[in-house]
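Only one structure is covered here, and it is reproduced in the block below.
The numbers here are math on the coordinates, done by the rules we state, and not lab data. As the structure is a computational prediction, the values presented were derived from the model and not from experiment. No Cβ is skipped: glycine too gets one built from the backbone with ideal geometry, and neighbour counts run over all protein chains shown.
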Amino acid sequence: MTRARRLNDSFDTGLVWFRRDLRHTDNAALYYALKHCERVWCAFVFDTTILQPLLETWQARHPDEQVQDRRIEIILAALGELDDALRAKGGGLIVLYGDPSDLIPKLAAELGVDAVFTNHDYEPVAIERDEKVGEQLTEAGRQWLTFKDQVIFERDEVLTGQNKPFTVFTPYKNAWLKQLTAFDLKPYPVEKYAKHLAAVPKKLHRELPTLKQLGFAPSNLAELKLPTGMSGAQSLLDDFMSRIDSYADRRDFPAAKGPSYLSMHLRFGTVSIRTLARIAHEMSLQPDGKGSATWLSELIWRDFYFMILSHHPRLASGASFKEEYDRLRWERGSEADEAFSAWCDGRTGYPLIDAAMLQLNRTGYMHNRLRMVTASFLVKDLGVDWRLGERYFADLLNDFDFSANNGGWQWAASTGCDAQPYFRIFNPITQSEKFDAEGRFIKRYLPQLEKVPAKWIHAPWLAGRERLAEFGVVLGKDYPEPIVDHAEARARTLARFGK
């Protein structure tokens, strides 16, 4: 992989391959292509090796329904905005459909470019894909140049004093902050070289595909009014700036407007990580910078998990970070299958868990605190293998990113690096009482519990059937009985991990 600071070659023509970086500003690959080439074309590939499994997974779960995936609509919206921005500067997007391992080398040959530029991807499958592309380009006499763009520090840039990768977050964070310089946060001045953008050749010009052409049907994205593309990221960032000072105090409460809601935009690169980290770092140095410092810490977690995956690619194959936990015996059989289905559907009988799962199912978003609580419940209350939950989140989260999703699940399951010790088990009732005390979030997704007062909303069965009837709730009819007793489940988990 080429280090951005060492590129000295100049080329007549180049091709930029957009992937997880759907913006025309502060984009490393685009900047270096425009700076070092006289003419630059831009391309995006709807990767069938990614799309086909999405189609198959949906069809397996919903055989009688049209396939939906908000993320495809999010990508289409971002591409439309990116294409417009590039066209306004004399360029545009060449949009292809198929396997990029074949299409990118073929496109490079058709355009006759000297070099192909793209930004690093860190997942093992993506690395293997990029190696194939690079080999074909090299054999054809073309340069293959890739750059760091979606993280501040990658694989080997932050190491221990013994030059080894960190496995614990806090010392990694401290080293990350100590190593940080203004250069690391400096935006790439793409605009300065935009004149080198080349228009899409007529023979390659085509409109963006429709959802239907890609094999998908519309989801409820429009109804959710989710801001998309670069403009959507900017609007969310502007809004967050007005309340960032309260981030540390509000971020754990799902009924409050606490998070930045920018994780999806980081996932698709419609905002630059350098922009966010620069703002967070500068504001964290102010006397009232507690909220910004907490937000910066969350951004550093993102780098941490990318680094962990880079050094431990076996995680992508379902391995536990702590290998000894691959021997754990999870619940099996029809009861475990039903428990998993109940968790997925939001019918466990624990209101906070169910409301969180319904939020995910209906919107593709789940509050970060609730990701931890629901994951803990699946693994440590139901005894279900964390990999099943990890996969479910991967299929539904708008902001799905393998490294963060895997890291979060293994943290909750106590199988990962710097994970929660197995004997620390979230109590779903006390978590509910602490972070949704009045039940505002619960009632947003479980309106049948609207009349249940705060005293009973976290564990309705404790109110008794007669009292619940006064609130219009019959357990087993209007809302499920609890699927498991937490105290008993906790004992089973301690035995499972303690063996």
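Residues of the stretch 310-350 falling in the label zone of Glu488, defined by backbone nitrogen less than 17 Å from a point 7 Å along Cα to beta-carbon, are 331-332, 334-340, 348-350. The rule of thumb for compact globular proteins, 2.2 N^0.38 Å, goes into the C-alpha radius of gyration of the stretch 9-149 1.10 times. A straight Cα-to-Cα reach below 18 Å connects Lys192 with the lysines Lys35, Lys89, residues fewer than 8 places away in its own chain not being considered.
The simple Förster model, with R0 at 45 Å and r as the Cβ-Cβ distance, assigns Leu204 and Leu224 a FRET efficiency of 0.85. Where does helix 402-413 land angle-wise versus the long Cα axis of the chain, in degrees 0 to 90, nearest 10? Roughly 20 degrees, rounded to the nearest 10. The tail of the calculated P(r) for the stretch 323-498, taken as Cα-Cα distances beyond 23 Å, holds 38 percent of the pairs.
Spin-label model, Arg467/Ala140: points 7 Å from Cα along the beta carbon direction are separated by 7.1 nm.
Each peptide in 466-472, 9-15, 315-321 receives the mean, over its residues, of other Cβ atoms within 10 Å, and ordering these scores from highest gives 9-15, 315-321, 466-472.
Rounded to the nearest 20, the size of the Cβ-charge dipole of the stretch 279-376 about its Cα centre is 60 debye, with Lys and Arg at +1 and Asp and Glu at -1. When Rg and the Kirkwood Rh are both derived from Cα coordinates, the Rg/Rh ratio for the stretch 259-344 amounts to 1.15. Bridging of Lys322 to aspartates and glutamates at a Cα separation below 13 Å is possible for Asp418, once same-chain residues fewer than 8 apart are set aside. Peptides 29-41, 251-263, 110-122, ordered by how many other C-beta atoms sit within 10 Å of their residues on average, highest first, read 29-41, 110-122, 251-263.
If the Kirkwood radius is taken over C-alpha pairs of the stretch 144-253, then at 4 °C and 1.567 mPa s the Stokes-Einstein diffusion coefficient equals 66 µm²/s.
Set the Förster radius R0 to 41 Å, insert the Cβ-Cβ distance between Asp395 and Lys195 as r into 1/(1 + (r/R0)^6), and round the FRET efficiency to 0.05. Here the calculated transfer efficiency is 0.45.
Nearest 20 debye, what's the magnitude of the dipole of the chain about its Cα centre given +1 on Lys and Arg Cβ and -1 on Asp and Glu Cβ?
Working: 65 positive and 68 negative charges, 175 e Å.
Roughly 840 debye, rounded to the nearest 20.
Relative to the dominant Cα principal axis of the chain, helix 70-88 is inclined by about 30°.
Largest first, the extents of the alpha carbon coordinates of the chain on the three principal axes equal 79, 55, 46 Å. Placing unit charges on the Cβ atoms only, positive for Lys and Arg and negative for Asp and Glu, gives the stretch 212-255 a dipole magnitude near 220 debye about its Cα centre.
Give me the net charge for the shell around Val200: Cβ to Cβ below 14 angstrom, other residues only, Lys and Arg +1, Asp and Glu -1. Around Val200, the charge tally is +2.
Among Gly333, Trp409, Ile457, which residue has its Cα furthest toward the positive end of the charge dipole of the stretch 323-498, with +1 on Lys/Arg Cβ and -1 on Asp/Glu Cβ? The Cα lying farthest towards the positive end belongs to Ile457. So how far apart, in nm, are the two label points at Ala88 and Ser341 if each is 7 Å from Cα heading toward Cβ? It works out to 5.1 nm between the two label points. Once you treat every alpha carbon in the stretch 316-362 as an equal point and sum by Debye, what is log10 I(q)/I(0) at q = 0.26, 0.28, 0.30, 0.32 Å⁻¹? The computed values of log10 I(q)/I(0) come out as -0.85, -0.87, -0.92, -0.99. Per residue of the chain, the DSSP helices (runs of n ≥ 4 H) give a summed -39500 (n - 2.57) that works out to -14500 deg cm²/dmol at 222 nm.
Think of the stretch 396-499 as having a plus end and a minus end, set by charges on the Cβ of Lys, Arg, Asp and Glu; of Ala491, Leu475, Ile442, Ala491 sits farthest toward the positive end of this dipole. Protection proxy ranking of 454-461, 267-274, by the mean of other Cβ atoms within 10 Å over each peptide's residues and highest first, is 267-274, 454-461.
In the stretch 323-498, Cα pairs under 8 Å separated by at least six residues give a relative contact order of 26 percent. Bridgeable lysines around Lys434 (alpha carbons under 29 Å apart, same-chain partners fewer than 8 residues away excluded): Lys173, Lys257, Lys290, Lys380, Lys443, Lys451, Lys455, Lys477. Summary value for the stretch 1-85: 30 percent relative contact order, contacts being C-alpha pairs under 8 angstrom separated by 6+ residues.
Short-range pairs are left out: with C-alpha atoms under 8 Å and at least six residues apart, the relative contact order of the stretch 9-149 is 34 percent. For Thr49 and Lys186, FRET efficiency with R0 = 35 Å and r from the beta-carbon atoms, rounded to 0.05? Efficiency at R0 = 35 Å is approximately 0.50. Toward the positive end of the charge dipole of the stretch 1-109, with +1 on the Cβ of Lys and Arg and -1 on the Cβ of Asp and Glu, the farthest Cα among Leu15, Ile75, Leu55 is that of Leu15. Relative to the dominant Cα principal axis of the chain, helix 229-241 is inclined by about 60°.
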